[in-house]
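Here the structure comes first, spelled out in structure tokens, and everything after it is commentary.
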Amino acid sequence: MRRAEAYSLINCSDSDLDSLLHAASALRDEFKGRIVTYSRKIFLPITNLCRDRCGYCTFRKDPDDPDAWTMSPSDIDDVLIRGRAQGCKEALMCLGDRPEAAFAAYREMLAVFGHRTTAEYVARACQMAIEHGFLPHTNAGVLSRHEMKLLKPVNASLGLMLENVSPRLSQKGMPHFSAPDKQPNVRLRMIREAGELSIAFTTGILIGIGETREERVDSLFAIRELHDAYGHIQEVIIQNFRAKPGTRMAGCAEPGAMEIARTVATARLILGGKMNIQVPPNLNPDDHHLMLQAGINDWGGISPVTRDYVNPEAAWPHLDVLAETCRAAGFTLRERLAIYDDFLERSEFLCAALRPVAIKLQSDIMQPVI
């Protein structure tokens, strides 16, 4: 598909939207069948300190904020124990961007834990997760090549949302103005280097933050070009902006369900039938059937133990209810690991030390899983 054609698709009239959704759904069915997956996870918010100040975020905090935290090793261990008791298999490490660059108090805390950088501490947390029988997936913001080399041996996959390739969103008054790590060239560099390092990778776009539809298409083409070059992107998330009290964008309109669906469908047609495309189910609780119609084949991580710390107001769906929704729409809900099967089978993407853990966890998955 050419870019001009994609621009036309995402801007199709409301009367043509059903045709767009049908084309995307048919392409998904051709390559993925009627299986929709999820990962049973725990969410480990290692620290919510962050040097960026995005206009829509409630997760990040400064050290003097009463809601600031950095998990201690014992905190991490407690969540790991509770997660394994509930059959969780993915340990999601999610945290703010490079807080050691901004906060002396945090650097002192890292030193107490015996580490110099956040990446070193996350690597320790990942090793703890592996010892408890998890496959870690780390989303630590922008990482250097050296940091990704450090984390690859203790992670099934890494992630970084591209969000959008438009530098316009970093201008004054826009959502990424005070967020140096949201510069598109910085994020594209990391995704490219992850490909060069053969790291199974999750990325995606954030819609509704002031971008145009054409800028969404440009972002999806950037993702496609990187995947065509390195073959390392295992899933693409289409995530919708949610307006949150206390943020600069609290009064901004959220994208409607049909706007999300037209973006999902366009993403499916741009990225092709083989790509795994995900929409967070807790951010679209009333529109699961519509997102299936639009061409997704994955719901992402869902936790029976921990909340979504980035979107604490949005509860995870109950798996039994989600399974019934999928069944009513003609789909089977199936559990997956933090690394998709296609990548699990390729030795360059999963380090040898993690393979026995992955094989054990894969054997624990009953098919289909509800």
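We did not get these values from a lab; they are worked out from the coordinates using the rules stated. The structure displayed is predicted, hence computed values, not measured ones. Don't worry about glycine lacking a Cβ; one is built from the backbone with ideal geometry, like all the others, and counts go over all protein chains shown.
Take the alpha carbon atoms of region 1-20, find their center, do the same for region 68-101, and report the distance between the two centers in whole angstrom. The distance from the Cα centre of region 1-20 to that of region 68-101 comes to 41 Å. Taking packing as the residue-averaged number of other Cβ atoms within 10 angstrom, the listed peptides 42-53, 206-217, 108-119 run from highest to lowest as 42-53, 206-217, 108-119. Ordering Ser15, Ser25 from the fewest to the most neighbouring beta carbons within 10 Å gives Ser15, Ser25.
Taking the centroid of alpha carbons for each part, region 115-143 and region 299-370 are 19 Å apart.
Beta bridges per DSSP, both residues in the chain: antiparallel share near 5 percent. Descending by average beta-carbon neighbour count within 10 Å, the peptides 75-88, 144-157, 190-203 line up as 190-203, 144-157, 75-88, the highest first. Of the cross-linked pairs Lys32/Lys244; Lys61/Lys274; Lys89/Lys149; Lys182/Lys244; Lys149/Lys182; Lys152/Lys244, those separated by over 27 Å at the C-alpha level are Lys32/Lys244; Lys61/Lys274; Lys152/Lys244. For the peptides 355-365, 54-64, 261-271, the ranking by packing is 261-271, 54-64, 355-365, with the highest mean count of neighbouring Cβ atoms within 10 Å listed first. For region 25-47 versus region 259-293, the spacing of their alpha-carbon centroids is 11 Å.
Relative to the Cα centre, the charge distribution of the chain, modelled as +1 at Lys and Arg Cβ and -1 at Asp and Glu Cβ, gives a dipole magnitude of about 540 debye.
Backbone phi angles across region 203-210, fed through the Karplus curve with coefficients 6.51, -1.76 and 1.60 (θ = phi - 60°), yield HN-Hα couplings of 9, x, 10, 10, 10, x, 9, x Hz in residue order; Gly and Pro are listed as x.
Residues whose amide H falls under 5 Å from that of Gly300, counting only those 5 or more places apart or on a different chain, are Ser39, with hydrogens built in the peptide plane.
Helical runs assigned H by DSSP (4 residues or longer) give the chain a calculated mean residue ellipticity at 222 nm of -12000 deg cm²/dmol, each run adding -39500 (n - 2.57) before division by the residue total.
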